[in-house]
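This report refers to the structure that appears directly beneath it.
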Amino acid sequence: MAQAAPAPGGMSRPGRTPEVEGRATDVRARPPDVFDARTHRLARIGVPVVLGLVYGYWVAANNRSGSPITGWNVLLGFVSALVFAVLCMALLALAPRMLREVHALLWTAFVGCAFGFLYAQSGRPVLRAIMISLLVAAATFAAFFYRYYTREDAFGRRIR
C-alpha cells in the first residue's frame, strides 16, 4: 500500500493552515539579471556578428544554388555578413533613442531589406522578391510597433 511521503519540516497538524504572505504593495519586482554588465557588452557585439555570419552563409548558399563554391561566392557571403552585422549593431545603438514609430520603422526597413536581398539571391524574379519582402516588412512593422507601443512612452523611453 502506497502512502504519502512526509512533508519537509515535520508532521502537519490537521485543522491548521499555513498563512500565505502577500506583498503589501502592487509594485512588480524585476526579474533577476542573470548576466553581469560585461556579458551584456560582449553580447551587443557577439550576437550581431554571429547573426551576420549565419546570414552571410545563407546568402552565399542561396546564390550558388547547389553549384560548386567559388571565390566570388565566398566574398559575397563575407561582405553580406559584414554589412548585416554593422547595420545590426548600428540599429541596436541608435534605434532605442528614436521615437517608437521611427524605432519600429528602422527595424522594419532592416528586416525587409535583409529578407528581400536574401530571397533575391535564390534566383527568383525581382518583382516576386519585392512583394514577399514587403509582406515580411509589414508583418515586422506590426509586431515591432505593437511591442514598442506597449512598452515605451511617446518619447521612446521604456515604461517601468
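Data overview
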| quantity | calculated |
| --- | --- |
| Accessible surface of Phe144 - all protein chains present, 1.4 Å probe, nearest 10 Å² | 60 Å² |
| For the range 45-160: relative contact order, % (alpha-carbon pairs under 8 angstrom, 6 or more apart) | 27 percent |
| Full-stretch length increase - Arg151, Val54 - with 0.36 nm per residue and alpha-carbon distance subtracted | 32.0 nm |
| Accessible-area ranking of His40, His103, largest first, probe 1.4 Å | His40, His103 |
| Contour minus Cα-Cα distance for Ser65 and Ala142 (0.36 nm per residue) | 24.5 nm |
| Ranking by accessible area, most exposed first, for Ser65, Ser122 with a 1.4 Å probe | Ser65, Ser122 |
| Projected label distance in nm at Val102 and Arg44, using a 7 Å step from Cα toward the beta-carbon | 1.9 nm |
| Label-point separation in nm, Ile130 to Asp33, each point 7 Å along Cα→Cβ | 4.6 nm |
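The values are calculated or read from the model by the stated rules, or taken from the named source; none is laboratory data. Given the structure is predicted, the values throughout are model-derived calculations rather than measurements. Here Cβ is always computed from backbone atoms with ideal geometry, including for glycine, and neighbour counts include all displayed protein chains. Remember, those area values only see protein heavy atoms, side chains included, never the ligands or the DNA or RNA. Shrake-Rupley method; radii C 1.70, N 1.55, O 1.52, S 1.80 Å.
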